[in-house]
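Single-structure report; data block below.
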Amino acid sequence: MTYKTSGVCSYSITYDIKDGKVHNVLFDGGCDGNLKGIGKLVEGMTVEEVISKLQGIKCGSKRTSCPDQLATALKGCRQ
């Protein structure tokens, strides 16, 4: 799946969900090393776990962050 981000440096997030678990998270743009790290950390976690851990994180004075955008993308998958 691909999610177009808003309010952050990355442009989009691609990811897979299999059996309720998150896999292959890739951010397009943004802070390359940090976002690769996030992808590795959430690999195999349930959608709910990722949302719970990342939702509401802000980047500096922005209202959102790349991790928060991932949580937002995943929230759209549960509906």
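Listed values, structure above:
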quantity	calculated
Which numbered condition S10 fails, given (1) open to solvent by 50 Å² or more (accessible area, probe 1.4 Å); (2) within 12 Å of the chain's Cα centre (by Cα)	(1)
Failed criterion for K36 (all others in (1) more than 14 Å from Y3 (Cβ to Cβ); (2) open to solvent by less than 70 Å² (accessible area, probe 1.4 Å) hold)	(2)
Meets criteria (out of contact with any strand residue (DSSP E or B) (no Cβ under 7 Å at 6 or more places or on another chain) and loosely packed, with under 14 Cβ neighbours inside 10 Å) for K4	no
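Here is a yes/no grid of residues against (1) in contact (Cβ under 8 Å) with a residue 12 or more places away in the chain; (2) out of contact with any strand residue (DSSP E or B) (no Cβ under 7 Å at 6 or more places or on another chain); (3) over 16 Å from Y3 (Cα atoms); (4) open to solvent by less than 20 Å² (accessible area, probe 1.4 Å):
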position: K18; (1), (2), (3), (4): no, yes, yes, no
position: K21; (1), (2), (3), (4): yes, no, yes, no
position: F27; (1), (2), (3), (4): yes, no, no, no
position: D32; (1), (2), (3), (4): no, yes, yes, no
position: L41; (1), (2), (3), (4): no, yes, yes, no
position: E49; (1), (2), (3), (4): no, yes, yes, no
position: C59; (1), (2), (3), (4): yes, yes, yes, no
position: S65; (1), (2), (3), (4): yes, yes, no, yes
position: T72; (1), (2), (3), (4): yes, yes, no, no
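The values are calculated or read from the model by the stated rules, or taken from the named source; none is laboratory data. Model, not experiment: these values are computed from the prediction. Methodologically, a virtual Cβ is constructed for each residue, glycine included, from the backbone with ideal geometry; neighbour enumeration extends over all protein chains shown. Heads up: the accessible areas ignore ligands, DNA and RNA and are worked out on the full protein's heavy atoms, side chains in. Shrake-Rupley method; radii C 1.70, N 1.55, O 1.52, S 1.80 Å.
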